[in-house]
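**Q** Below is a structure I'd like to ask you about.
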Amino acid sequence: LFYGRVAVSQPDACLAEQLFHDGDAAGQIQAIRALAERPLRIQGSINISYVHGADVNELPVRLLGDCLRGSPALHSSLPHPPAIRAQAALAIAQWQNTKAPATKDTI
């Protein structure tokens, strides 16, 4: 038997689809955790840096912010439940600790 681990890298659009269209809470949490690890070096086009005025590197955290703010999940037309929104808050904190751009106020 194979007891290894398989890692599949999905584009941000697929993870957004999973977060806002999938009714399965476990799938939503997996999407949240994957978005917190973004952006990946192998992802995206080197020719595109902005989409609709937003930096491409910030799109994953913007998706997490939409989830945290309570944007309706399209599978139910209701906001995500508090447990999912709490996971989004933790993922935003993780992203900010590892990926956020430095500011002049950084200690």
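**Q** Between 22, 66, 55, where does the largest GNM mean-square fluctuation fall for the chain, given springs only between Cα atoms within less than 10 Å?
**A** Its mean-square fluctuation being the largest, the pick is 55.
**Q** Label residue 7 and residue 47 with points 7 Å out from Cα along Cα→Cβ: what is the distance between them in nm?
**A** Spacing of the two 7 Å Cα→Cβ label points: 2.9 nm.
**Q** Further question: Over the chain, with the other protein chains present, what is the accessible area per residue in square angstrom, probe 1.4 angstrom? Write out the running numbers ahead of the final one.
**A** Numbers: 7610 Å² over 107 residues.
Per-residue value: 71 Å².
**Q** Quick query: amide H of residue 73 versus all other amide H atoms, modeled in the peptide plane; which residues come in under 5 Å with a sequence gap of 5 or more or a different chain?
**A** Long-range HN contacts for residue 73: 78, 80.
**Q** Which percent of the accessible heavy-atom area of the chain goes to carbon and sulfur, probe 1.4 angstrom? Please list the in-between numbers first.
**A** Details: 4330 of 7610 Å².
Reported share for carbon and sulfur atoms: 57 percent.
**Q** Averaged over all directions, how much area does the convex hull of the C-alpha atoms of the chain cover when projected, in nm²? Could you put the intermediate results ahead of the total?
**A** Details: hull surface 36.7 nm².
Seen from a random direction, the Cα hull of the chain projects 9.2 nm² on average.
**Q** Projected onto the charge dipole of the chain (+1 at Lys/Arg Cβ, -1 at Asp/Glu Cβ, origin at the Cα centre), which of 50, 91, 15 gives the Cα projection farthest towards the positive end?
**A** Most positive-ward Cα: 91.
**Q** For the stretch 53-92, what is the convex hull volume of its Cα atoms per residue in Å³? Provide the component values of the computation, followed by the final result.
**A** On the way: hull volume 2.7 nm³, N = 40.
So the per-residue Cα hull volume is 69 Å³.
**Q** Over the chain, with a Gaussian network built from C-alpha contacts below 10 Å, which listed residue (80, 21, 52) shows the highest mean-square fluctuation?
**A** 52
**Q** Using the Karplus curve 6.51 cos²θ - 1.76 cosθ + 1.60 with θ = phi - 60°, what ³J(HN,Hα) values do you get for each residue of the stretch 8-14, in whole Hz, with x for Gly and Pro?
**A** My calculation for the stretch 8-14 gives 10, 8, 10, x, 4, 4, 5 Hz in order.
**Q** So, with +1 on the Cβ of K and R and -1 on the Cβ of D and E, and no other charges, what is the size of the charge dipole of the chain about its Cα centre, to the nearest 20 debye?
**A** On the way: 9 positive and 9 negative charges, 52 e Å.
My answer is approximately 240 debye.
**Q** Go through the stretch 51-68 residue by residue and turn each phi into a ³J(HN,Hα) via Karplus (6.51, -1.76, 1.60, θ = phi - 60°); whole Hz please, and just put x for glycine and proline.
**A** Once θ is set to phi - 60°, the couplings for the stretch 51-68 become 10, 6, x, 10, 5, 4, 5, 9, 4, x, 6, 5, 4, 5, x, 4, 5, 5 Hz.
**Q** Which peptide among 7-16, 90-99 comes first, and what is the full order, when sorted by highest mean count of other Cβ atoms within 10 Å? Numbers along the way, then the final one.
**A** Details: 7-16: 13.2, 90-99: 15.1.
The densest-packed peptide leads the list: 90-99, 7-16.
The values are calculated or read from the model by the stated rules, or taken from the named source; none is laboratory data. Because the structure is a prediction, the values reported are computed rather than measured. Note: ideal-geometry Cβ built from the backbone for every residue, glycine included; neighbour counts use all protein chains shown. Ligands, DNA and RNA are excluded from the accessible area calculation, which covers all protein heavy atoms including side chains. Shrake-Rupley method; radii C 1.70, N 1.55, O 1.52, S 1.80 Å.
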